[in-house]
Amino acid sequence: MSAFKLGIVRLGRAAGKMKYSLLDEQDISLVERYAFEARVDVCKDGNGASVFAYTYDVQKGRNSGCYLHDLLWERHHGPIPAGLRVKHKNGVSVDNRLDNLQLTVINPSSNSSTEERHRVLRGAELQEHSLYWIAIQQLPTDSFEEVPSVLHHYFNANGEIIEGEDESTTYFECHYPPCTKIESELREFSICGRCQEVRYCGTTCQQRDWTLHKKRCRERKKSKPYERPPDR
């Protein structure tokens, strides 16, 4: 088996988690021309959300952009025929290797790509040994909980750009790095009882993430009850 290279592109924070996209070596050069960011696609039927890599030509602006998987497909295979769309075979919506992309028929009666991704992951073990996770593991450990140094754009449940994550309308992804499960409804996942900041799809992921998360987990300070100022 010949050696091959992959590229990891940082997308920024989305769904309460730092997100990255995986690219083939032949597509790494795109970073010289395109900007990348994480974008949340919320199902209009209320069946949760998915996080995708969004990209745009820096000279044309954000409004000229598209999903990265669509750009890659057209770059290597030509225009996407009407009635078809690009999907991720392994259900990881930011794993944009060509081998992980394929065309599928658009079914108007089906419930968005979110249900499809959950169906892929349902009953399966966490993808700790997938190529995507193996690649992400090469990043510095602190990157998984890195505080962004620049302002990123986020999208609320209506698809509108906001200046930060609006927790009242945010679908959270499981905080354990290799797990890409995302809430199918708001506040479905349990929250860390200590820091009250990160969420997990279950106790298994929370236990496996503790080695990393404990370095930054801090007990949230309780707000002091209102004290009446002394009479003067």
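The values are calculated or read from the model by the stated rules, or taken from the named source; none is laboratory data. This structure is a prediction, so every number in the text was calculated from the model and none was measured. Reconstructed Cβ throughout: ideal geometry from the backbone, glycine too, with neighbour counts over all protein chains shown. Note: areas computed on protein heavy atoms with side chains; ligands, DNA, RNA excluded. Shrake-Rupley method; radii C 1.70, N 1.55, O 1.52, S 1.80 Å.
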Response to the item:
In the range 59-91, anything open to solvent by less than 30 Å² (accessible area, probe 1.4 Å) and modelled with pLDDT of 90 or more is listed as Gly61, Gly65, Leu68, His69, Leu72, Gly78, Val86, His88
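A quick yes/no check of all residues on (1) touching a residue at least 40 places away in the same chain (Cβ under 8 Å); (2) within 19 Å of Gly91 (Cβ to Cβ); (3) surrounded by 18 or more Cβ atoms within 10 Å (Cβ to Cβ):
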{"residue": "Lys5", "(1), (2), (3)": "no, no, no"}
{"residue": "Leu11", "(1), (2), (3)": "yes, yes, yes"}
{"residue": "Lys17", "(1), (2), (3)": "yes, yes, yes"}
{"residue": "Tyr20", "(1), (2), (3)": "yes, yes, yes"}
{"residue": "Leu23", "(1), (2), (3)": "yes, yes, yes"}
{"residue": "Asp27", "(1), (2), (3)": "yes, no, yes"}
{"residue": "Glu32", "(1), (2), (3)": "no, no, no"}
{"residue": "Ala35", "(1), (2), (3)": "no, no, no"}
{"residue": "Arg39", "(1), (2), (3)": "yes, yes, yes"}
Discussion item. Go through the range 48-91 and report how many residues are of a type in the set (Val, Ile, Thr) and touching a Lys or Arg at 6+ places or on another chain (Cβ under 8 Å).
Written reply: 2
Item to complete: Residues being at pLDDT 90 or above and part of a strand (DSSP E or B): count how many of those fall in the range 157-181.
Response: 1
